[in-house]
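Read the structure below first, then the notes.
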Amino acid sequence: MIASKTILREDYHQYLEAELPRWITDGLCKQPEPLRSTAASSAYRDLELAYSNVCQLDMRMGDDIIRSRMALIRLHLEYLRACESGRAHRDAGRQSAGIGRGDASVVIDDILQGIHQGWSSLDDAGRSALRAKFHDRKRYGKRWSVLADSLGPSILLLCSKRLAHMV
């Protein structure tokens with residue numbers, strides 16, 4: 001009983017009754033339109049779409065906390081897939097971009113440049129801030145993924161505020 005109070009939101013029954021009609025109408029995983037990207041399609045298009053989805057949901061997160069959690073998990077999974085794909089390319093003879101600039105860093109910069117139109121006019125601090133935000137979101141996605149894998153995907157719906165803050 002104590003664990004359920006710590007893990008599950010106390011008002012889960014009322015919450016489900018209130019939200020279920022919206023989820024039936026709009027779906028639970030409805031993806032917003034991706035942000036317009038100036039980057040050409042690449043092997044990492046899915047990662048770019050996942051990040052674009054997170055950015056869109058972040059802009060209107062008040063009523064989309066569940067979708068936001070799902071989008072963060074998708075970002076984490078697409079990042080892992082992109083890294084695996086990058087390893088395959090590197091193992092096939094492709095050279096790294098230099099010390100501290102591995103394949104993942106270059107891909108992330110390309111995605112950020114495509115999604116954030118002001119990327120080219122940003123100074124190093126501004127670019128670093130966007131990179132850090134990307135990595136924070138990816139890290140939260142990993143945490144939600146581990147939690148959902150351990151407790152089941154319904155925890156994304158019924159998570160208590162206390163547990164959400166710990167994530």
So how do Met166, Met70 line up by other beta-carbon neighbours within 10 Å, fewest first? Met166, Met70
Phi to ³J(HN,Hα) by Karplus 6.51 cos²θ - 1.76 cosθ + 1.60 over region 130-137, Hz, x for Gly, Pro: 5, 4, 4, 5, 4, 5, 4, 4
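What is the order of Thr25, Thr6, fewest Cβ neighbours within 10 Å to most? Working shown, then result.
Values: Thr25 8, Thr6 11.
Ascending Cβ contact count within 10 Å gives the list Thr25, Thr6.
Each value in this text was obtained by applying a stated rule to the coordinates, not by laboratory testing. Worth saying up front: this structure is predicted, and the values here are computed from it rather than measured. All Cβ positions, glycine included, derive from the backbone under ideal geometry; neighbour counts span all protein chains shown.
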